[in-house]
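The values are calculated or read from the model by the stated rules, or taken from the named source; none is laboratory data. Quantities reported herein were computed from a predicted structural model and do not represent experimental measurements. Positions of Cβ are backbone-derived with ideal geometry, glycine not excepted, and every protein chain shown enters the neighbour counts.
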Amino acid sequence: MRNRRPISWAVLLSLVATAIGIAIVLAIDWFPSQASTAARDIDTLYDVLLIVSVPIFVLVMAVALYSVYAFRVRPGDMRDGAPIHGNTRLEIVWVTIPLIIVSVLAAYGWIVLDDIEAKKADTLVVHVTGQQFAWSFEYPAQGKLQSNQLVLPQNRPVHFKINTKDVLHDFWVPDFRLKSDAVPGITTDVRLTPTRLGSYPVVCAELCGIGHSTMRQTVRVLPAADFDAWVREQRQGDADGGVAAAGGDETAAGRKLFTDTGCNACHTLADAGSTATVGPELDDLAAQAARYGEREGQTPTEYVRTSIENPNAFVVAGFQKDLMPGDYASQLSPAEIGTLVEYLLGVSKGKEAR
Ligand code: CUA
């Protein structure tokens, strides 16, 4: 009898705490913008999980706090507690109820994922390749277009096929919600439909080495016609090194290649605003290329081009072999590498003269 009043108080407080808790978890804006068809369903799923979690948390805390209060030791009481040997009915209840809750949530999650991963007509296939420390993309149906930028048309289903050339990475676009590990030796898949125009971060979400935190790019979602124009422009860029797309400005074209290719993730170059120190800094490149190129019997242009196409040819003292990816010759067209070489020599020379 003595404990009846604290119990009814505890029930009342628990109900109030549950109501406040649910209001708080729903009021918090947990997610970035909803930029794909998957986002709304996944956010709803999260909301349901949060709502279900609040009463469970409150129940556990209420029982714990109530027990601490109601069954506390009175001063001078040295007796042992009552010898309790289980309670079958209680145990059946506390196994059955969580089993039902978890099963229902698992089924709900499965239905949502199955719906998101359903194959759709007119799907754009994009190969995503992770590599220390940049993502690269290939569009097999767009003439095997290779790009270091991810550009997608709005409202068209996309099927990402994800690989890695070296270690584990994790392809993640928070605004699309979906993410998937890039695992050596296998291809993983993500299907989604971008619905919102704009630029969103592409993040590597798996610790993959010293440049992991800089392994960030941007996905641009464009209207379908602009996407087609971008594909044409990229093909043109393969032929002229991106100069026409930059309005004939070779320095701007080179700077764009430097950033889009992910060179900025590893190299410091003032002109491109990059400060990374994974690889040698390039602000003094023109002088270095003249000095070391002469020793190797190469002109500065040849020396820089060789260093991009075959990074192990001349390794700068203090840096390891195999640190820089060795496949830029296949990622970039010869014209693009030409633009990049002239850009690097041009801006580093300019800096020295200043
Ligand atoms: Cu790639 Cu972290």
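Limited to the range 140-166, what total is found for residues that are within 16 Å of the ligand (Cβ to nearest atom) and either closer than 14 Å to residue 204 by Cα or at pLDDT 90 or above (or both)? So the count comes out to 7.
Take the conditions of a type outside the set (Gly, Ala, Ser) and more than 16 Å from residue 342 (Cβ to Cβ) and apply them to residue 220. Does it pass?
Working: of a type outside the set (Gly, Ala, Ser): yes; more than 16 Å from residue 342 (Cβ to Cβ): yes.
So residue 220 fits the description; yes.
Just one of the listed residues (217, 131, 234) is within 13 Å of the ligand (Cβ to nearest atom) and over 26 Å from residue 40 (Cα atoms), and it is 131.
Residues in the range 167-208 that are surrounded by fewer than 17 Cβ atoms within 10 Å (Cβ to Cβ), within 14 Å of the ligand (Cβ to nearest atom) and over 22 Å from residue 124 (Cα atoms): how many? Total meeting the criteria: 5.
Let's see how each residue does on (1) on the phi > 0 side of the Ramachandran plot; (2) not assigned by TED's automatic domain parsing to the domain that holds residue 212:
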residue	(1), (2)
62	no, yes
97	no, yes
106	no, yes
146	no, no
155	yes, no
